[in-house]
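Worksheet: the structure to be examined is printed underneath.
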């Protein structure tokens with residue numbers, strides 16, 4: 001396995017607030033990684049730094065071995081990193097079909113490529129809503145559309161930030177089913193979710209953030225067997 005994305009010594013400030021305090025992390029090809037921590041610990045800031053949406057004061061971001069510390073978000077996306085942000089970020093004035101097709105990017109994956117048809121097969125609810133505008137969809141359908149649109153770019157790494165937040169239990173179960181299916185294809189994933197148990201169940205490795213630092217980086221199954229560590233950092 002080779003490293004898809006990595007951060008070294010990342011420091012980020014928001015004004016006088018020191019949000020990231022020297023973060024080191026990496027994700028390898030085919031690896032599913034979780035990122036957990038209490039609110040305000042720096043998880044979303046780390047993701048946005050990896051995506052070029054927040055510029056670090058110090059440190060480096062590398063994508064596929066290339067220094068992307070100062071690269072804009074669209075350049076990082078073109079390098080094979082797809083991001084589904086908290087809040088989904090779909091185009092409300094486009095219908096489902098248009099939201100998917102506008103993101104389409106060719107893949108060298110052949111039969112493994114995420115085509116329009118494959119995305120609709122994965123998200124049958126979207127097939128029933130093709131002509132509906134983004135604003136007409138339920139919260140769960142919007143989340144499925146956001147994930148489907150990200151897959152249409154045929155990324156090497158899919159980043160999901162709070163993909164199940166605020167959704168009904170049945171829809172949450174459907175989102176995790178989809179995440180399992182994506183993981184089974186061998187695509188790398190970085191998953192942030194408040195349900196740490198589900199994160200540990202659906203990842204190979206998990207990072208725990210505390211006050212802008214990665215304080216734990218270990219096998220997800222092993223972390224699941226260490227409730228005292230989770231209590232210490234997550235307050236559970």
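What the table below lists for this structure:
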| read-out | value |
| --- | --- |
| Criterion: touching a helix residue (DSSP H, G or I) at 6+ places or on another chain (Cβ under 8 Å), in contact (Cβ under 8 Å) with a residue 40 or more places away in the chain, surrounded by fewer than 21 Cβ atoms within 10 Å (Cβ to Cβ) and in a helix (DSSP H, G or I) - qualifying residue of 178, 171 | 178 |
| Some residue of the range 147-158 being touching a strand residue (DSSP E or B) at 6+ places or on another chain (Cβ under 9 Å), modelled with pLDDT of 95 or more, in a strand (DSSP E or B) and buried (at least 22 other Cβ atoms within 10 Å of the Cβ) | yes |
| Any chance residue 64 is out of contact with any helix residue (DSSP H, G or I) (no Cβ under 9 Å at 6 or more places or on another chain) and either surrounded by fewer than 17 Cβ atoms within 10 Å (Cβ to Cβ) or at positive phi (or both) | yes |
| Failed condition for residue 70, given (1) farther than 24 Å from residue 179 by Cα; (2) over 17 Å from the mean Cα position of the chain (by Cα); (3) in contact (Cβ under 8 Å) with a residue 24 or more places away in the chain; (4) not in a strand (DSSP E or B) | (3) |
| Test: residue 198 is under 30 Å from residue 3 (Cα atoms), part of a loop (DSSP other than H, G, I, E, B) and touching a helix residue (DSSP H, G or I) at 6+ places or on another chain (Cβ under 7 Å) | no |
| Checking residue 128 against (1) out of contact with any strand residue (DSSP E or B) (no Cβ under 6 Å at 6 or more places or on another chain); (2) at pLDDT below 95, the condition it does not meet | (2) |
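Residue by residue, here is whether (1) surrounded by 16 or more Cβ atoms within 10 Å (Cβ to Cβ); (2) farther than 30 Å from residue 201 by Cβ holds:
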{"position": "7", "(1), (2)": "yes, no"}
{"position": "15", "(1), (2)": "no, yes"}
{"position": "27", "(1), (2)": "yes, no"}
{"position": "42", "(1), (2)": "yes, no"}
{"position": "49", "(1), (2)": "yes, no"}
{"position": "68", "(1), (2)": "yes, yes"}
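The values are calculated or read from the model by the stated rules, or taken from the named source; none is laboratory data. Computed from a predicted model, the values in this text were never measured in an experiment. Here the Cβ is made from the backbone with ideal geometry for all residues, glycine too, and neighbour counts use every protein chain on show.
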